């Protein structure tokens, strides 16, 4: 498992993320996630409220790629997802969603991502290089 640096964790905070998945047949899916958070040095988490395709793909294939960008800089994080429907992580995520968006339904599940690698999305000679 890879460890997120303080710089990467600070960068992720408050930004929209794009989560890429693929089902068992290899059909890709890309979905925006406004609830992505750093759980700890080795894990990310997001709430899923409406993404049926994301859930189906993750049930069949837990490998995931997450892109977080700000203008011309960013990171791609690859890892393995775990769907959570109960427990402390799910409860924390659910509480955060309910506080931030009280008019929306609570999350059906939370997705915990064990970070395996981080790549640069910056333009130039470091584009695509693994940095963690």
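Values computed for the structure shown
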quantity: Tabulated pairs, the range 109-125, first surrounded by fewer than 15 Cβ atoms within 10 Å (Cβ to Cβ), second part of a loop (DSSP other than H, G, I, E, B), C-beta under 9 angstrom, 6+ apart or interchain; calculated: 117/2; 117/131; 117/132; 123/72
quantity: Top-ranked residue in the range 72-88 [being more than 22 Å from residue 132 (Cβ to Cβ) and either surrounded by 16 or more Cβ atoms within 10 Å (Cβ to Cβ) or touching a residue at least 12 places away in the same chain (Cβ under 8 Å) (or both); ranked as nearest to the chain's Cα centre (by Cα)]; calculated: 83
quantity: Among residues of the range 9-22, those that are more than 13 Å from the chain's Cα centre (by Cα) and either within 15 Å of residue 82 (Cβ to Cβ) or surrounded by 16 or more Cβ atoms within 10 Å (Cβ to Cβ) (or both), counted; calculated: 2
quantity: Residues (modelled with pLDDT of 95 or more and either under 29 Å from residue 124 (Cβ atoms) or part of a helix (DSSP H, G or I) (or both)) located in the range 72-81; calculated: 74, 75, 76, 77, 78, 79
quantity: Criterion: out of contact with any strand residue (DSSP E or B) (no Cβ under 7 Å at 6 or more places or on another chain), part of a strand (DSSP E or B) and in contact (Cβ under 8 Å) with a residue 40 or more places away in the chain - qualifying residue of 69, 39, 44; calculated: 69
quantity: Unique residue being more than 24 Å from residue 6 (Cβ to Cβ), modelled with pLDDT of 95 or more and either surrounded by 15 or more Cβ atoms within 10 Å (Cβ to Cβ) or touching a helix residue (DSSP H, G or I) at 6+ places or on another chain (Cβ under 6 Å) (or both) when the list is 43, 29; calculated: 29
quantity: Test: residue in the range 108-121 that is more than 11 Å from the chain's Cα centre (by Cα), at pLDDT 95 or above and part of a helix (DSSP H, G or I); calculated: no
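The values are calculated or read from the model by the stated rules, or taken from the named source; none is laboratory data. Only a predicted model underlies this, so the values are computations on that prediction, with no experimental measurement involved. For neighbour counting, all protein chains shown are included, and Cβ atoms are generated from backbone atoms with ideal geometry for every residue, glycine included.
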